Amino acid sequence: MVHGGNFPVSGAQIYLFAAGQTGYGTSATSLITSGSAGVSCSNAAVAGACYVTTDSNGNFTLGTDYTCTEGQQVYMVGVGGNPGLTGNVNNTSIVQMAALAACPATGTLSQAVPYVTLNEVTTVAFAYAMSGFATTPFNVSSDASGETALANALANAGNIVNLAWGVAGATVAGNANSVNPAAKINTLANILATCVNTQPNTSTGQPSSSCSSLFTYATNAA
């Protein structure tokens, strides 16, 4: 499911990508295939990619709508949608992410990641863990020498948050003696929510003032 704060995001476009392997900053590979039930490739936020759409409760399913190759590092991106606002709203400023897992030999992730909650918390974890390999949500990659490091980074994102629930625990997965900065993660997630849960300017179609402020102050580190 996709949530903005405590509200479901309906009409969001859900993409599935495998991180690229042809150099840093190159395009990730879209994994959702055309022709399957519930899959659309028109009006995509990402050129050449296909997606499934969330329902009125923010739920979606991929099923057999994709296939991946063993060892590919797979992640998810949700774009746009209505975060519980009245009327026909599409907040195109919403871009939320979740690091999933390495593709198993079966070519599907159903056993490794049966359920995913895509929200601001998973987005913060993804941005932190994958920052050394991403220039945009759709350009996550490494060269051949960095594949192990990228795999470790993606796995780290899964240690920081519980993907099924979209929450950050007090400890990281598998280490009861660790300290996970959950309060800091939640603070950053709440900052993102001030943009996610807003309506674009109805007359201009431009992002809300909350989103514009976020984009101004949250810049890439040089």
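The values are calculated or read from the model by the stated rules, or taken from the named source; none is laboratory data. The structure presented is a predicted model; accordingly, all values stated were derived computationally and were not measured. For neighbour counting, all protein chains shown are included, and Cβ atoms are generated from backbone atoms with ideal geometry for every residue, glycine included. Ligands, DNA and RNA are stripped out before the accessible areas are found, and what is left, the full protein with its side chains, is counted by its heavy atoms. Shrake-Rupley method; radii C 1.70, N 1.55, O 1.52, S 1.80 Å.
Descriptive notes on the structure:
- Coupling constants for region 13-23 follow from the phi torsions by the Karplus curve (6.51 cos²θ - 1.76 cosθ + 1.60, θ = phi - 60°), and in residue order they are 8, 9, 10, 10, 10, 10, 4, x, 10, 10, x Hz; glycine and proline get x.
- Of the solvent-accessible surface of the chain, computed with a 1.4 Å probe over protein heavy atoms with every protein chain present, carbon and sulfur atoms account for 53 percent.
- Integer Hz, Karplus 6.51/-1.76/1.60 couplings in order for region 122-138, x for Gly and Pro: 5, 5, 4, 4, 4, 4, 5, 5, 9, 4, x, 10, 10, 10, 9, x, 10
- Average accessible surface for region 116-189: 47 Å² per residue, computed with a 1.4 Å probe over protein heavy atoms with every protein chain in place.
- Simple spin-label estimate for Asn201 and Ala183 gives 3.8 nm between the two label positions (7 Å along the Cα-to-Cβ direction from each Cα).
- Surface analysis of region 36-82 yields an accessible area of 45 Å² per residue, using protein heavy atoms and a 1.4 Å probe.
- Residues of region 1-23 with amide N under 16 Å of a point placed 7 Å along Cα→Cβ from Asn220: 20, 23
- Exposed loop positions in the chain were taken to be chymotrypsin sites (Phe, Trp or Tyr not before Pro) whose DSSP state is not H, G, I, E or B and which have at most 16 other beta-carbon atoms within 10 angstrom. Between these positions, the longest stretch is 25-114.
- Between amide H atoms placed 1.01 Å from N, distances below 5 Å from Gly4 occur with Val9, all of them 5 or more places distant or on a separate chain.
- Per-residue [θ]222 nm for the chain (sum of -39500 (n - 2.57) over DSSP H runs n ≥ 4, rounded to 500): -7000 deg cm²/dmol
- Computed from backbone phi, the HN-Hα couplings of region 89-99 come to 10, 10, 7, 5, 7, 6, 9, 10, 9, 8, 7 Hz, rounded to whole numbers (Karplus: 6.51 cos²θ - 1.76 cosθ + 1.60, θ = phi - 60°; Gly and Pro given as x).
- In whole percents, the pair-distance distribution calculated for the chain from its alpha-carbon pairs, binned every 5 Å from zero, is 1, 7, 15, 19, 21, 18, 12, 5, 2, 0, 0.
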